[in-house]
Structure formats: structure tokens, C-alpha cells
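Since every read-out is calculated from the coordinates, none of them should be taken as a lab result. These figures come from a predicted structure and were not determined experimentally. Glycine gets a Cβ as well: all are built from the backbone with ideal geometry, and neighbour counts include every protein chain shown.
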Amino acid sequence: MRFHFKNGRDLRNLEALGKSDPYARVLLSGIEKGRTVTFQNNLNPDWDEVIYVPVHRYGQHRIFSSTLSYTNSVNTAPAKS
């Protein structure tokens, strides 16, 4: 399966000081299979990254992608795929 993370816009700031450090990741059955680079102090990251996740049997796995802040790892905009 191919995930193309283009960008994030107007992400919620989760930091008390400064701005969040967002990244996106892909989980397959609860296991992280890939993640983007982390953008420091940026609420509008331009990732333009592709992550490939091998899926051998469709329908037997739960696949999630989410955007997180590096410093406190709290979901800012979870997206169920």
C-alpha cells in the first residue's frame, strides 16, 4: 500500500513554548511501519514523502495514519485509512 504525505496545514500547536514538531506515521496492526521527517517548530509542514507498506492479506490488518508532535507524541489529526 502506498501513502503519499503531501503536507499539513494549520495543525494545532501542542507546545507551551514554541510550536509543535509535526511528523506523520503509518501503523499496520499497531506496529509503526514508516514515518516522515519531523519539521521543527512548523505548523504547516511540506513533507511530500511516500511510504510503502507491504500488505500480504487485505482485510486482516488495521492500517492507520496519524500526524503527531515529536516532543509529546499526541495525535493532532488522526486519519483512519
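Report the gain in length on full extension from E32 to M1: 0.36 nm times residue separation, minus Cα-Cα distance, nm rounded to one decimal.
9.8 nm
Can you tell me which of 28-35, 17-24, 51-58 comes out highest on packing, and rank the rest after it, using the mean Cβ neighbours within 10 Å?
The densest-packed peptide leads the list: 17-24, 28-35, 51-58.
Tell me which residues come under 5 Å, amide H to amide H, from S20 once H is placed; ignore anything under 5 positions away on its chain.
Amide H neighbours of S20: L14, E15, N42.
What residues have an amide H closer than 5 Å to that of K33, excluding those fewer than 5 places away on the same chain, when H is modeled at 1.01 Å from N in the peptide plane?
Correct list: V26, L27, L28.
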